[in-house]
Amino acid sequence: MLKVLTSLLLTLAIALLGLLSSAPSALAGDAANGSKVFSANCAACHAGGLNAVMPNKTLKKEALEQFGMNSAEAIITQVTNGKGAMPKFGGRLSAEQIEDVAAYVLAQADKGW
């Protein structure tokens, strides 16, 4: 009986780990809302995925990869804290809005802007 119970618990634990590992990221973001936030706050410098201030640091997939900005976490950090010529948006945008912008930027980069 103990072996059956142990086996059952082990099976349930493995199934639960499988469900948790396939769960969507907590930083999924809403790209549709991110598009709106991007248009209102980012497009002045980044229209079409370009960069009006530093032309080589675009939001195109290749540049995001080259500069280590090809993850939601990296984009969220950059938008929140700013860096170089980019101002910080942490006080102007909510954490959710910034996550949405990150989702939008990554989706657009995948599409080629």
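Put a plus charge on the Cβ of each Lys and Arg, a minus charge on the Cβ of each Asp and Glu, and nothing anywhere else: the dipole of region 27-111 about its Cα centre is then about 320 debye. The stretch between K111 and A52, if pulled fully straight at 0.36 nm per residue, gains 19.2 nm over its current Cα-Cα span. Modelled spin labels at A44 and S71, positioned 7 Å past Cα toward Cβ, are 3.1 nm from each other.
Quick note: the coordinates plus some simple rules give every number you see, no bench work behind them. Predicted model only: the values in this text are computed from it and were never measured. As a convention, Cβ positions derive from the backbone with ideal geometry for all residues, glycine included, and neighbour counts pool all protein chains shown.
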